[in-house]
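Data block below; observations after.
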Amino acid sequence: MDERAKYDIRISARSTYLAGQSDADSGRYVFAYTVTIRNAGTVAAQLISRHWVITDANARTQEVRGSGVVGEQPLLKPRESFEYTSGTALATGVGTMRGSYRMVAADGYEFDAAIPEFTLSIPRVLH
């Protein structure tokens, strides 16, 4: 059996601009993002930590590392999903986020699950 098939974590994300929490005049643009993490593998795996790379339109990057997500370290059995919503603020109305989750499988194998880059954008800026 292909080892990668055992440890197959699929991640998707979508973002929303929070106009009510933002202040364009002072350069504060707030976004919520919802992430769905699905275990498409054959071994249960627990999300232990996160690493985000957040980049604004001026190419300023901030890295965020921490334990779990939204105060949890979810254990995903095969075919299970976990979804959560969090947020971030940028100094520009457009940016991107990408990163990885550190996972520990039930058999002790540790691996990183890549979070594909997604866009943060105020409405009607990008097509």
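Bear in mind these aren't lab numbers, they're just calculated from the coordinates by the rules spelled out. Here the structure is a predicted model, which means the values were calculated and not measured. Cβ sites come from the backbone with ideal geometry, for glycine too, and all protein chains shown count toward neighbours.
So the values come out like this:
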| quantity | calculated |
| --- | --- |
| Once the Cα gyration tensor of the chain is diagonalised, semi-axes √(5λ) in Å | 31, 13, 13 |
| For region 3-121, with +1 on Lys and Arg beta carbons and -1 on Asp and Glu, the positive-most of His51, Pro78, Thr92 along the dipole | Pro78 |
| Residue-averaged 222 nm ellipticity for the chain, from DSSP H runs of 4+ at -39500 (n - 2.57), nearest 500 | -500 deg cm²/dmol |
| Size of charge dipole - the chain - debye, nearest 20, with Cβ of Lys, Arg +1 and Asp, Glu -1, no other charges | 180 debye |
| Sorted peptide list for 88-96, 9-17, criterion being average Cβ within 10 angstrom, highest first | 88-96, 9-17 |
